[in-house]
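Shown next, in structure tokens, is the structure this report addresses.
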Amino acid sequence: MAKDAVVIRFENVSFDYGPHKQTLDDVSFSVRTKSKITLMGQNGAGKSTLFGLITGDLEPTEGRILREHGATVAIARQVIPRTHLDMTVREFFQSGFKEKIYDIDPRIKKVLEAVNFDTPYDRIVRTFSGGQQARLLLASALILEPDILLLDEPTNNLDHAGIEHLTQFLVDYSKTVIVISHDADFLNKFTQGVLYLDVYTKKIEQYVGNYNDVLKDITARVEKENMKNAQLKKEIIAKKEKANEFAYKGGQMRMVAKRMREKAEELEEEIVDVRKEDRTIRPFVIPSQETLSGEIITLSSLTIFKNHTPEKKAVNKSLRKNTHLLLKGPNGIGKSTLLERITKGDADGVKIASGVRVGYYRQDFSNIDFEQSSFEVLKEAMIKGGEKFDEQKMRAVAAAFLIIGDMIHAKVGSLSEGQKGLLAFARLVLEKPGLLVLDEPTNHINFRHIPVIAEALNKFGGTMILVSHVPEFVEKIRIDETLDLGK
């Protein structure tokens with residue numbers, strides 16, 4: 001395949017999921033072979049839908065999608081499908097092929113080495129941590145040796161070492177890569193161009209440069225368009241005022257007034273539709289459970305994993321109200337498993353005070369019923385939080401997290417991962433927890449929402465346990481104590 005050949009082209013492509021559910025509107029763009037492209041856009045704009053069109057899992061409503069003859073596509077999705085969680089590693093990799101692969105083991109060995117991961121092939125997928133599953137997802141795409149590699153939030157759950165390894169891999173990768181990610185530092189190290197999916201116009205804007213370059217371009221363009229519009233509006237007002245003045249004088253001046261109104265109308269047509277900024281969630285507070293006092297949770301010993309083997313680790317932590325704990329450690333040591341067991345109340349060596357209400361942000365959202373609607377999830381949360389159901393108040397909380405319109409009655413499973421994340425935060429607001437447990441709460445979340453979320457967590461007055469591999473986010477959070485499971 002020639003270096004500068006176009007490997008994929010969208011020609012006047014539109015796509016909708018039904019009436020009033022359009023995602024793309026007459027979109028045209030092209031991607032050249034061996035280029036490294038970032039796909040940006042607001043949560044719910046349709047980035048994963050665009051990936052579905054590229055893979056062929058979805059068909060355009062209008063227009064056509066052209067791929068270089070013989071070009072293959074593989075995607076590393078955000079999360080492992082639930083139907084695959086009980087597979088062994090070997091079965092998981094085999095599931096990506098249409099035919100039986102008899103030499104699958106050496107192929108698995110090669111791609112696991114590429115993602116810096118070593119594991120037995122008969123281990124069950126659901127037993128891996130989020131970071132380990134992220135490595136499996138990437139390796140499952142690489143094993144297909146695609147000409148076009150699609151990565152959907154590949155740094156989610158990865159620790160610092162994992163992100164560095166992935167970054168270098170992408171820098172060295174000799175084929176086409178298109179990445180969805182909100183991790184600016186990660187993207188800036190290899191991105192050569194950006195496709196921006198505008199949630200309002202349903203169009204794709206194409207830019208050259210890295211993530212920061214594009215943000216600067218967009219900001220400069222918006223400022224320039226706003227200045228031009230302001231000048232035009234000023235001229236329009238002046239001409240309309242003059243037109244009214246001349247019309248009042250009567251006679252031949254009425255013709256002058258008419259021409260001035262026509263000129264004002266021409267100027268109005270020159271006003272450009274300034275690209276709207278992504279909506280940001282409103283500032284919010286997660287109310288803490290009332291009547292909390294004394295020790296909320298004590299940790300005397302924990303189970304960690306080293307080389308896939310459980311070990312007991314003696315600790316001595318006692319957390320009271322308004323105390324925030326950061327839980328650290330490399331991928332696979334057992335952080336997510338520990339958080340899950342804490343929320344279930346069956347973690348050895350951990351005791352939660354009687355009557356404490358636990359709020360849990362789980363990184364894969366599996367503690368939310370995907371068959372329920374957002375309305376049902378939030379209604380249950382409000383009742384759990386000790387309030388009588390108030391639909392108006394519940395809808396106001398939902399709207400603050402951009403859960404509006406048809407979304408409120410849509411099944412959770414139909415939401416994008418970013419929208420599920422916002423729903424999870426809305427649920428916490430209504431639950432009013434005494435103990436807040438957060439497992440990678442920035443995964444899938446638009447970068448514009450991150451400062452708002454950080455500020456809300458800083459103000460949380462209950463007890464909080466946080467796991468996050470995003471240093472820029474952790475730096476914004478008030479942390480009172482740190483527990484490093486790797487030491």
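Residues to consider are LYS234, LYS306, LYS239, LYS263; find the one that is exposed (fewer than 15 other Cβ atoms within 10 Å of the Cβ) and more than 29 Å from GLN363 (Cα to Cα). Break it down stepwise before answering.
Values: LYS306 fails: more than 29 Å from GLN363 (Cα to Cα); LYS239 fails: exposed (fewer than 15 other Cβ atoms within 10 Å of the Cβ); LYS263 fails: exposed (fewer than 15 other Cβ atoms within 10 Å of the Cβ).
Criteria check complete, one pass: LYS234.
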Practice problem: Output the residues belonging to region 26-50 that are among the small types (Gly, Ala, Ser), part of a loop (DSSP other than H, G, I, E, B) and touching a strand residue (DSSP E or B) at 6+ places or on another chain (Cβ under 8 Å). | Solution: SER35, ALA45, GLY46
Self-check item: Identity of the residue in region 178-190, modelled with pLDDT of 85 or more and in contact with a Ser or Thr (Cβ under 6 Å, 6 or more places away or on another chain), that ends up surrounded by the most Cβ atoms within 10 Å (Cβ to Cβ)
Solution: VAL179
Self-check item: Every residue from region 145-177 that is closer than 18 Å to THR72 by Cα and crowded, with 17+ Cβ neighbours inside 10 Å
Solution: PRO146, ASP147, ILE148, LEU149, LEU150, LEU151, ASP152, LEU170, LYS175, THR176, VAL177
Quiz prompt | Answer residue from region 73-86, given it is farther than 22 Å from TYR17 by Cα and in contact with a Leu (Cβ under 7 Å, 6 or more places away or on another chain) and is most open to solvent (accessible area, probe 1.4 Å) among those | solution = VAL73
Quiz prompt | Criterion: more than 20 Å from the chain's Cα centre (by Cα) and not polar (S, T, N, Q) - qualifying residue of ILE37, ILE54, ILE65 | solution = ILE65
Quiz item: What are the residue pairs meeting all of these: first residue in region 13-24, first residue of a type outside the set (Gly, Ala, Ser), second residue part of a loop (DSSP other than H, G, I, E, B), Cβ atoms under 6 Å, and 6 or more apart or on different chains?
Solution: VAL13/PRO60; PHE15/PRO60; PHE15/THR61; ASP16/THR61; GLN22/LYS202; THR23/GLY46; LEU24/LYS202
Self-check item: Test for GLU387: is it at pLDDT below 95 and closer than 21 Å to GLY434 by Cβ
Solution: yes
Quiz item: Can you tell me which of LEU112, LEU66 is assigned to a strand (DSSP E or B) and open to solvent by less than 100 Å² (accessible area, probe 1.4 Å)?
Solution: LEU66
Quiz item: Pairs, please: C-beta under 9 Å, at least 6 apart or cross-chain, first residue among the basic types (Lys, Arg) and in region 397-423, second open to solvent by 30 Å² or more (accessible area, probe 1.4 Å) and outside any helix (DSSP H, G or I)?
Solution: LYS411/PHE370; LYS411/GLU371; LYS411/GLN372; LYS420/PHE370
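Let's see how each residue does on (1) at pLDDT 80 or above; (2) closer than 30 Å to ARG32 by Cα; (3) touching a Ser or Thr at 6+ places or on another chain (Cβ under 7 Å):
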position	(1), (2), (3)
LEU197	yes, yes, no
ILE204	yes, yes, no
VAL214	no, yes, no
THR219	no, yes, no
MET227	yes, no, no
GLN231	yes, no, no
GLU235	yes, no, no
LYS242	yes, no, no
MET260	no, no, no
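State which residue is nearest to the chain's Cα centre (by Cα) when the search covers only region 268-284 and only residues that are among the aliphatic types (A, V, I, L, M) and either surrounded by fewer than 15 Cβ atoms within 10 Å (Cβ to Cβ) or at pLDDT below 70 (or both).
From region 268-284, those among the aliphatic types (A, V, I, L, M) are 271-272, 274, 281; that's our starting set.
Filter again for either surrounded by fewer than 15 Cβ atoms within 10 Å (Cβ to Cβ) or at pLDDT below 70 (or both), leaving 271-272, 274.
On the way: ILE271: 33, VAL272: 30, VAL274: 25 Å.
In this case the residue turns out to be VAL274.
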Practice problem: Tell me, please, whether a residue that is closer than 24 Å to HIS469 by Cα and part of a loop (DSSP other than H, G, I, E, B) can be found in region 164-179. | Solution: no
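Quick check on ILE65: is it touching a residue at least 12 places away in the same chain (Cβ under 8 Å) and either over 18 Å from GLU205 (Cβ atoms) or in contact with a Lys or Arg (Cβ under 9 Å, 6 or more places away or on another chain) (or both)? Step through it out loud before you land on a result.
Working: touching a residue at least 12 places away in the same chain (Cβ under 8 Å): yes; either over 18 Å from GLU205 (Cβ atoms) or in contact with a Lys or Arg (Cβ under 9 Å, 6 or more places away or on another chain) (or both): yes.
So ILE65 passes the test.
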Practice problem: Specify which of the listed residues (SER174, SER181) is hydroxyl-bearing (Ser, Thr, Tyr), within 19 Å of the chain's Cα centre (by Cα) and over 30 Å from LYS263 (Cα atoms). | Solution: SER181
Quiz item: Would you pick out the residues in region 16-35 that are open to solvent by 10 Å² or more (accessible area, probe 1.4 Å) and either over 26 Å from GLU417 (Cβ atoms) or in contact with a Gly (Cβ under 8 Å, 6 or more places away or on another chain) (or both)?
Solution: THR23, ASP26, SER28, SER30, ARG32, THR33, LYS34, SER35
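Here is a yes/no grid of residues against (1) not aliphatic (A, V, I, L, M); (2) not in a loop (DSSP other than H, G, I, E, B):
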{"residue": "GLY18", "(1), (2)": "yes, no"}
{"residue": "THR23", "(1), (2)": "yes, yes"}
{"residue": "GLY52", "(1), (2)": "yes, yes"}
{"residue": "GLY70", "(1), (2)": "yes, no"}
{"residue": "ILE101", "(1), (2)": "no, no"}
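Which one is nearest to HIS449 (Cα to Cα), of the residues in region 180-196 that are in contact (Cβ under 8 Å) with a residue 60 or more places away in the chain and in a helix (DSSP H, G or I)?
Just the residues of region 180-196 that are in contact (Cβ under 8 Å) with a residue 60 or more places away in the chain, to begin with: 180-185, 187, 190-196.
Still in the running and in a helix (DSSP H, G or I): 184-185, 187.
Details: ALA184: 14, ASP185: 17, LEU187: 18 Å.
If we take residues in region 180-196 being in contact (Cβ under 8 Å) with a residue 60 or more places away in the chain and in a helix (DSSP H, G or I), then ALA184 is nearest to HIS449 (Cα to Cα).
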Quiz item: What do you reckon, is ARG107 modelled with pLDDT under 90, of a type in the set (Lys, Arg) and assigned to a helix (DSSP H, G or I)?
Solution: no
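The values are calculated or read from the model by the stated rules, or taken from the named source; none is laboratory data. Since the model is a prediction, treat every value here as computed from it, not as a measurement. All Cβ positions, even for glycine, are placed from backbone atoms using ideal geometry, and neighbour counts span all protein chains on display. We work out accessible area using only protein heavy atoms, side chains counted, and drop any ligands, DNA or RNA first. Shrake-Rupley method; radii C 1.70, N 1.55, O 1.52, S 1.80 Å.
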